[in-house]
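Heads up, the thing below is written out as structure tokens.
The values are calculated or read from the model by the stated rules, or taken from the named source; none is laboratory data. Model, not experiment: these values are computed from the prediction. Virtual Cβ from ideal backbone geometry, glycine too; neighbours counted across all protein chains shown.
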Amino acid sequence: MNAIIRHLLCLSLISAPLHLSADESNKTKNPELPPLELGFVDLFNGKDLSNWVDVNTSPETWSVKDGLLVCSGRPIGVMRSTKQYENFILVIEWRHMKAGGNSGVFLWSDAIPKGRLPKGMEVQMLELEWPYIHKRNGKPNHLGYVSGELFGAGGMRAIPENPRGNRSMSYEMRCRGKGEWNRYVVVAVDGAVKLSINGKFVNGIREADLRKGYLCLESEGSEIHFRRIQIMELPPGRAKDLGMVLEKKPG
């Protein structure tokens, strides 16, 4: 009889429904999400060129002086970030040291020069005298050039928010001239870019056909300084699903 009772007890334990505590039940129905770690990371530490790789300039092009990243402007070319980025917020502060200076930062770039510059979304950095120094048919060039324009370079396609040809010019002229610091806040998500210049969002472009790649800093003819360069990575989007990532890495 005792053996039979023990056998029945075992069967009842095996077949008994599993009763979870309220906390355990909630965890089963609503599994915990992975921790969300959002925060800015320095891409320039004020000491050296960690986080950057020269592409087609020279050892003399980029240097660090008094906590600033200094670009001589020669030769024309770029250096790239060590890693690729998809969705992010980029904060970058810059100042030109000569009238008519030219530079920029490329987003979602392949970092493979086509001529001297690569494919990517260029966020233009031009000194305010540029249109008057680089005239067209004897007349100043369009002032949109120095507004903080956004455009696909090296074959990248995108749709400008405030079109000037295939470029998007800013709605306001907010950039400052030589010797003065400018701050860009660039929000790049799923092929769309919004640009804040010195405290106000004034430009945008969308539907870029490459949505993950390197950041590139541009050397283009004259001295420019950078200081704060920070990035906050955001959750990924559909770049890989849509085939809008790099097919090969730069050599």
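Some values worked out for this structure:
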read-out: Of all residues making up segment 62-84, the number that are of a type outside the set (V, I, T), buried (at least 19 other Cβ atoms within 10 Å of the Cβ) and under 23 Å from R211 (Cα atoms); value: 4
read-out: Count - residues of segment 156-213 that are aliphatic (A, V, I, L, M) and farther than 24 Å from W94 by Cα; value: 5
read-out: Among residues of segment 118-144, those that are closer than 18 Å to G221 by Cβ, buried (at least 19 other Cβ atoms within 10 Å of the Cβ) and of a type in the set (D, E, K, R), counted; value: 2
read-out: Sole residue being closer than 25 Å to D42 by Cα and buried (at least 16 other Cβ atoms within 10 Å of the Cβ), chosen from S170, S219, S147; value: S219
read-out: Which listed residue is over 22 Å from P118 (Cβ atoms), in contact (Cβ under 8 Å) with a residue 12 or more places away in the chain and of a type outside the set (S, T, N, Q), from V189, V202; value: V202
read-out: Qualifying residue in segment 154-163 (condition: assigned to a strand (DSSP E or B), under 27 Å from the mean Cα position of the chain (by Cα), surrounded by fewer than 17 Cβ atoms within 10 Å (Cβ to Cβ) and not hydroxyl-bearing (S, T, Y)); value: yes
read-out: Filtered residue count, segment 93-108, keeping only those that are hydrophobic (A, V, I, L, M, F, W, C) and within 9 Å of M125 (Cβ to Cβ); value: 2
read-out: Given (1) closer than 17 Å to S109 by Cβ; (2) over 17 Å from the mean Cα position of the chain (by Cα), number of the condition G191 does not satisfy; value: (2)
read-out: Residue in segment 235-251 that is surrounded by 15 or more Cβ atoms within 10 Å (Cβ to Cβ) and charged (D, E, K, R) present; value: no
read-out: Members of segment 23-52 that are β-branched (V, I, T) and either touching a Lys or Arg at 6+ places or on another chain (Cβ under 8 Å) or at pLDDT below 90 (or both); value: T28
read-out: Total residues in segment 190-208, condition of a type in the set (A, V, I, L, M, F, W, C), farther than 25 Å from K98 by Cβ and crowded, with 17+ Cβ neighbours inside 10 Å; value: 4
read-out: Strands (runs of 3 or more DSSP E) fully within segment 196-236 counting 1 or more residues that are within 23 Å of M79 (Cα to Cα); value: 214-219, 224-233
